[in-house]
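Written below as structure tokens is the structure these notes are about.
Rule-based calculations on the coordinates, nothing more; no lab input. Computed from a prediction, not measured in an experiment: that's the story for all the values here. Virtual Cβ from ideal backbone geometry, glycine too; neighbours counted across all protein chains shown.
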Amino acid sequence: MLAAVCSLFILFSSHVQAQDSGYSRTYVIQADGAWVAPGVHITPAFVKVSAGEIVWVSSTDQRQERTSLLGKKSKDPLIKVKGTLAPGLVDAWTTMMPTGYSGDRNTRSTRAVSDSLPMQVANEDESLVSQVLAARQAGVAAVFMSAGRNGWQRGVGTAAEFTKLDLPQAVGEGVLEFAVGAQANGGLDRTYIIDEVEAVFSEANGWRDSWDDFDEAKEKYAKDLEKYEEKLKEYIEEKKKFDEEAEKAGAQKEGDKKKEPKAPKRPKVPMEPQTSAARDLILGAIDGKYLVRVHADSVGDIRRIIALKKEYGLDLVIIGGGSADLLADDLRKASIGVVLPLGGDLHAAPNAERSLAKRFSTLVDGGVDVALASSGAEGLHMLMLTRAGELVAAGCDKNKVWDSLTIVPARLLGLDGYGSLHRGKSATMVLFEGTSPFDASAPMKAHKPK
Amino acid sequence: MLLTATLLLGCAPAAMPAQQTTILRPDAIVAEDGSLQEGMAVVIKDGKIVEVAASPKATGTEVQLSGVLAPGMVDSFTGRGADRFLTEQSEAATPDLLAVDGLDLDHPAWQAMLERGVTTVHITPDPTNVLSGWGTVVSVAGDSRKERVLKQTSLPIASLLQSSVSDNRIGPTSMAGAIERLNQSIAKLGIESLDNSAWFFVENSEGVSAAKEIMSTAKTHQFRMVLWGDVADYGGAAAGQLVGIPTFGNGAVARNVETWKRMAKAGTSFAFGSRGGSGEWSSLRISAMTLSRFIGNPGAAWAAVSSNPAKMLGMDDQIGSLKAGQRADLVLWSAHPLDASAAVQSVLIGGNTVYRAPAPEDKQ
């Protein structure tokens, strides 16, 4: 019965299959070192790249000599660079949006960011391309394109990587997004409060129950139909008899007439529950098909989101999370990750106890997956490393801060191809010459695969 | 704020009078080109740097410092530290307003700036009138008003911003009217009063040409521009010059990456100021780090918060770099100040330790 329901799901985007990003060349980069993965730093570093992906990483040159059909010997080309290679940043929260898309205030919205992404045509969306270029220059390799900025309530965002033509390309299934906190407030006289989010989930679940009722009704209908058919046969017989007798006794008096048999009533065909694309998304989330992101800040909202996750077994991430640190333990137990925005003056928080550095440390030390994101403000990509570096200056662990910009957001977004320099991962990397990527006293470049 | 006039910096073993010669030996210093130089000693005496060398001739108390010693940052134009809106209220473009009159030496902003490694600021009037008034250069810390105010009246600030020339409460309503008024008031004051290099706040090419025209009547053509608004529209007019720019806010900087790159390529150098820029306390340093990433030149980015503001103010013989003769306004960082993960360890102003960072929390 459930399977029947699942088969009703409508795929809201058609590009979930892997697409060609346009990278094609094979080469080996020789750098002074590489930050391969959390805690894994090597010097020197040789990184083989092919078609935009990492083939191997080693501290020795692993290139092998090939002999062509003509007997010519060759090796993969070697590119020597100065500095240390590290995985490209994964920005788990941007407001990078296709020009043709705008956020939606409709609580039943099914609009998907990925549907508005330009195809593989350069110059199709110049504004978007310029944002990708800025992000690339800042060392960002993949982003989350959120379905809303201010005053939005619901939408379908998407994780995206960048193609050779600097266009964002959706990766994976869409992500169901809700805004219940400050994000929902901008300029609205009503906000999409948590009650409504709970309501749509409960309605979807209820709708699913209504299929059970429908099945019962169908069974009953089948039985009723059998009975009806029997009765109908009887009726036909009786009617025939009655008509014959009536003909014979044609001249008889009216009062002697036998009572005419009544035709049985046909049972009603039960109605199928009505489907809706908006509800299908919710059901998809309940079935674990779609990740759910809820933009929320207050303790009250976050508590209820934790309960929502538990009730429906959702794959869920909290965005914003202004008070998430106060519920660190509950979030860890519920395995809910948090995406914190890198904004504001870290050292001048009205209350030092609520500074980003403190909140970050509390969550990370509490075992919660925390990603640090640009939070969308245009231009913040360039400031991501600076802002994150300030957390280190304020006493946060440097490696944990770095992880929260790379491997953790990749995990929270389900971006398997990002966050480290292992085989099969993206070759969009950063190359820094200073002591760390946070050090702006030395040059840093982004490596775009060829 | 100034608890003591003694040197408590780093691991200095004991207090010592400032007039004595002290030889500071940090792990490294930030040279004027922004690079780190190891093994250098900075000799200070009477509140000034007297020598910077690997093996100084001077003798005195040696102090080993763990960290990177840099000149204190200079905010080229700000409203911070003033107790009221520094607004020219007269209708005519009269030079009534002196920023020094609005100075509030007890303002909480001073401590905030100090903690972020800023040691000198140039307070300017609000650009609400075409001739906004005169700025003042103030040291972020010091024992007395006399010690704090480095320059009572720095230079006149003229504003050719659209908001200044179209405010119908005060001032004229068009750029042409603004230029006329400015010319009138300059004629009245005498062009000599502007000799010490006036500053013009501009935000379009019209303002740039007006500033050039006005200053062409002066005997010395020394004037500086502070570029507001969308520099992409008119930045070319500042090619090859030293210009002021407001600190970068969060927004809209991404689109300008190419603009800053091209301007740097055209030989333009920058000096950051926090007026009209980001409201953040740490905006000066953040902007320098961002500029470093934008133009790929950390040295030029560091200059934008140290030696260039000093040059803009004609005070590069006193502040902005680690050179003999400069004020001993020094900041000890845990790493290069453009490394975002570096923190301020302590600050010296005029050779006196005026700030020490609290010991880092014991994180087990």
Cα to Cα, under 25 Å, and not fewer than 8 places away if on the same chain: which lysines meet these conditions relative to A:K289? A:K309, A:K310, A:K333, A:K425
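Rounded to the nearest 0.05, what FRET efficiency do A:K220 and A:S276 give with R0 = 22 Å and r taken as the Cβ-Cβ distance? Could you check? Show your work: numbers first, answer last.
Details: r = 26 Å, r/R0 = 1.18.
Efficiency, from the Cβ-Cβ distance: 0.25.
Compute the length gained on full extension between B:A357 and B:Q152: take 0.36 nm times their separation in residues and subtract their Cα-Cα distance, giving the result in nm to one decimal. Intermediate values should be presented prior to the final figure.
Values: separation 205, 0.36 × 205 = 73.80 nm, distance 3.05 nm.
Fully extending the segment from B:A357 to B:Q152 adds 70.7 nm.
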What 222 nm value per residue comes from the helices of chain A, counting each DSSP H run with n ≥ 4 as -39,500 (n - 2.57) and dividing by all residues, nearest 500 deg cm²/dmol? -10000 deg cm²/dmol
If you rank A:D325, A:D76 by fewest surrounding Cβ atoms within 10 Å, what's the result? A:D76, A:D325
Anything over 24 Å Cα to Cα? Flag those among A:K75/A:K445; A:K398/B:K261; A:K82/A:K358; A:K241/A:K268; A:K233/A:K262; A:K358/A:K398, in the order listed. A:K75/A:K445; A:K398/B:K261; A:K82/A:K358; A:K241/A:K268
Mind checking the full-extension length gain between A:V269 and A:E353? Use 0.36 nm per residue of separation minus the Cα-Cα distance, one decimal, nm. 23.8 nm
Specify whether the C-alpha gyration tensor of chain A places it in the rounded, prolate or oblate class, a ≥ b ≥ c being the square roots of the eigenvalues: rounded for a/c under 1.5, otherwise prolate if a/b is larger than b/c and oblate if not. prolate
Cross-link reach from B:K151 to lysines, straight Cα distance under 25 Å and at least 8 residues apart if same chain, gives B:K45, B:K48, B:K188, B:K219, B:K311, B:K323
The simple spin-label model distance between A:K333 and B:R145, using points 7 Å out along Cα→Cβ, in nm, is 6.1
Expressed as a whole number of Å, what is the distance separating the alpha-carbon centroids of region B:16-72 and region A:402-450? 38
Using the beta-carbon distance between A:D32 and A:R423 and R0 = 25 Å, what value does 1/(1 + (r/R0)^6) give for FRET efficiency, to the nearest 0.05? 0.70
